[in-house]
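First comes the structure, then the notes that go with it.
The values are calculated or read from the model by the stated rules, or taken from the named source; none is laboratory data. Computed from a prediction, not measured in an experiment: that's the story for all the values here. Cβ placement follows ideal geometry from the backbone for every residue including glycine, while neighbour counts extend to all protein chains displayed.
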Amino acid sequence: MNTMPTTPESQDANDGDDMSPLLSEPFARAWAAPATGLPGRLGERLGERLARSLQAEQGMVTVRRRKSDALPLADGVLQRPLYRAPTDRPARPGEPRAVSVIELAAGATLTLPAGGSREFLVLRGSAEVDGEALSLRDFLLLPAGSAPQLGSADGAHLFVREMDGPGAERTLVRDREAGWPEFAPGIARRVLWTAGGEAALLYRADPGASVPGHGHGHDEECLMVQGELFLDDVLLQQGDYQLAPAGTGHRITETDTGVIIYAHGDLDLQFNGT
């Protein structure tokens, strides 16, 4: 996936009603400034929260699907880059080498160059990846060195994550066979792959479900497969992606709509105060 550019540190717009003008200049400065129009301590507390929220988000990568660029790779094939790791520093624990969504038109094919281990998750339609017929939410992990051919008879969107690290064995998890083991009240979790405390996961949460504040021992990636989710003060919608580097954390993780999320990060969440 050498055509993928380095992902900017923040890219922000909504899939639904576009509120991005309210998050850009000059409004961003107004939100970041102390809330002088509110009385006394109320204004101070609001200003402090806004400052903390902006500071916490500075180190995270947020990519909105609506604003992501679609780059042509071949006839009928587009790629939406989500992240590419810089090459001028050591990789963080769990940091991906590159992440993107590949969109295949009906009848399109593409052969990826040999690279690191790759995870594939079908987000839309159905596809064939390295000889495996995959349907919606099917997951395939290919070991390093593979140069898989992708194709789709009717069109498909594939999430593709390339990683370095320990060798991974070929792993296939079919959505219709995997089930949804309970993880917490209102939340089910499917472990797709795990090694050394790192994992690829699917979460399904009911409306109103939440996860307590937690830290990240590995980079934590969240791709919105379905629904909407608040990560702190950031609302992620279907198709949006966020990477929170190792050493950061989330105070608030909750959904009003119910959600299905692909996540890559810690197998065991590091809850605050535990």
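So in the range 210-256, with the set limited to residues that are of a type in the set (G, A, S), surrounded by fewer than 21 Cβ atoms within 10 Å (Cβ to Cβ) and within 19 Å of I187 (Cβ to Cβ), which one is modelled with the highest pLDDT? Among them, the one singled out is G227. Tell me, yes or no, whether the range 117-129 has at least one residue that is under 20 Å from D164 (Cβ atoms), surrounded by fewer than 22 Cβ atoms within 10 Å (Cβ to Cβ) and outside the structural domain of A200 (by TED's automatic domain parsing). No; the residues of the range 117-129 include none that is under 20 Å from D164 (Cβ atoms), surrounded by fewer than 22 Cβ atoms within 10 Å (Cβ to Cβ) and outside the structural domain of A200 (by TED's automatic domain parsing). The single condition from (1) small (G, A, S); (2) within 22 Å of the chain's Cα centre (by Cα); (3) surrounded by 21 or more Cβ atoms within 10 Å (Cβ to Cβ) that S135 fails is (3).
In the range 114-132, the residue that is farthest from the chain's Cα centre (by Cα) out of those that are at pLDDT 95 or above and in a loop (DSSP other than H, G, I, E, B) is G131. For R176, state whether it is assigned to a strand (DSSP E or B), closer than 30 Å to E128 by Cα and not aromatic (F, W, Y). So R176 fails the test.
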